[in-house]
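Note sheet for the following structure.
The values are calculated or read from the model by the stated rules, or taken from the named source; none is laboratory data. The structure presented is a predicted model; accordingly, all values stated were derived computationally and were not measured. Counting neighbours? That spans all protein chains shown, and the Cβs are built from the backbone with ideal geometry, glycine included.
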Amino acid sequence: MTTFHSLLVTGVYPPRRGAIGSYTACLGRALQAAGLSVDIVTGTGEPGQEMLEARAQPGTSPSDTAGRAHSIVPGWGPSGVAHVVNFARDRSPAVVNLQYVPYLYGARGIAPAVALLPLLLRRAGIASVVTLHGLAAPRSLQPAGLVLAAIHRVQLSLLLAADASIVTTAHRERVVQRWFPWLGARARCIPVGANTPGKAVSRATRVEFRKHMGLDGNLVLACYGTTHPSKHPSWVLDTLIAARQAGIDARLLAIGQEEQLYLEALASVPPDYGLIRHTVHWTGWVPDGKVSLFLKGADLLLQPFVDGVSTLRGSLMAGLQDGIPVVTTAGRETDHRLFQDSIVALAPHNDRAAFIATALKWCREPPEQRRRLGDAGQALFTRLATWERISAKVAEVHRFALARGGRT
């Protein structure tokens, strides 16, 4: 039986840092573990790394060859996209799966050549899937913003000429269906997973880690991930200040964060930051294999998202994977069938005071109660977002795309 061969295309890939690159690497390994053959095409910014061959899960067999990342795309204009198409012709994959977010492929997210990739692949007789990690810039009252949003939507309409598409939240699935109702069953919602491996950490190791970090005896708040515009980074510092003013001996573990970059992302630095600066531990970049230890060293993970908690947040999934109780926000992206108060602690996405109050409530809860919240979140993750589950759904979409294109 011929091994199903998928070609993943991404604008960034390890060792270059980036959430989409990490997602692609994790997906590639999981697809291989499920018995598919995988190649990855990325840009020439830095050399790609050979993927680690994953162990087969029970009932599957490993791929014949380890998937490999090919850094062959000199840029994402017409010549770069031609490189992708020519590579696909040479390798003859069953499906090419583009990992798309506008700003990954062009300044201000303007990437017309990439938007044409599904049509070019169709001309070459190759099925395509587009995974939409982002859709388009929001509409703006400013003329430049209106033009940019229109360009992004045109690009999106061209990308959706693919044989199938994947979105990462139920809200975005509804948006795509509303904007492009003719797609029908071609758009499917599949959550992202945790881009870091979850690891068991013994109680003794956790105690030793906290002692080593100078956190022994404190209530440890944590934040994790980049200071992206989709987050409220100031709310995290405001929560720490409020906790200490309330008499809670709290400290903040800023995982993956650097102080200068974090403060630059704020509209203004909290006036009382100088008083609590010594209680913040900025870790800088943390290798993927050590993220679990840092997360499990915390008592609460603070994740205030501008558009609400959702299944597109890899940093959230990392916390849920490790059973860390999460305080977060509910907004337009939030699927309330999944994210309930019994699974994550929720506050409105536009209410800073409510977020702080919710966090302080959980700071005061006994450890057993916080542990129950973390266990509930971990159960949701196991049911929804393990890479084994994600890769099975993605492989199903790949096979659907191949059949839809009449290339079975």
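The residue that is surrounded by the fewest Cβ atoms within 10 Å (Cβ to Cβ), counting only those in the range 195-232 that are closer than 19 Å to GLN378 by Cα and under 17 Å from the mean Cα position of the chain (by Cα), is PRO197.
Among the residues of the range 342-352, at least one is modelled with pLDDT under 95 and under 25 Å from LYS199 (Cα atoms).
Yes/no per residue for (1) over 18 Å from the mean Cα position of the chain (by Cα); (2) aliphatic (A, V, I, L, M):
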site: GLN321; (1), (2): no, no
site: ALA330; (1), (2): no, yes
site: GLU333; (1), (2): no, no
site: LEU338; (1), (2): no, yes
site: ILE343; (1), (2): yes, yes
site: ALA347; (1), (2): yes, yes
site: ASN350; (1), (2): yes, no
site: ILE356; (1), (2): yes, yes
site: GLU365; (1), (2): yes, no
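Among the residues of the range 236-264, which ones are of a type in the set (D, E, K, R) and touching a Phe, Trp or Tyr at 6+ places or on another chain (Cβ under 7 Å)? Once the filter is applied, which keeps residues that are of a type in the set (D, E, K, R) and touching a Phe, Trp or Tyr at 6+ places or on another chain (Cβ under 7 Å), the range 236-264 yields GLU258, GLU259.
Return yes or no: is ALA170 in contact (Cβ under 8 Å) with a residue 12 or more places away in the chain, in contact with a Cys (Cβ under 6 Å, 6 or more places away or on another chain) and hydrophobic (A, V, I, L, M, F, W, C)? Criteria met by ALA170. Is the range 145-168 home to any residue that is under 24 Å from THR334 (Cβ atoms) and touching an Asp or Glu at 6+ places or on another chain (Cβ under 8 Å)? Within the range 145-168 (the criterion being under 24 Å from THR334 (Cβ atoms) and touching an Asp or Glu at 6+ places or on another chain (Cβ under 8 Å)), the answer is yes, since at least one residue qualifies. Within the range 178-194, take every residue that is assigned to a loop (DSSP other than H, G, I, E, B) and at pLDDT 90 or above and give me the one that is farthest from ARG251 (Cα to Cα). Per the criteria, the residue is ILE190. All told, ARG404 meets the bar of being touching an Asp or Glu at 6+ places or on another chain (Cβ under 9 Å), at pLDDT below 95 and either of a type outside the set (A, V, I, L, M, F, W, C) or closer than 22 Å to THR131 by Cβ (or both).
Within the range 233-264, the set of residues being polar (S, T, N, Q) and either surrounded by 15 or more Cβ atoms within 10 Å (Cβ to Cβ) or more than 19 Å from ARG17 (Cα to Cα) (or both) comprises SER234, THR239, GLN245, GLN257.
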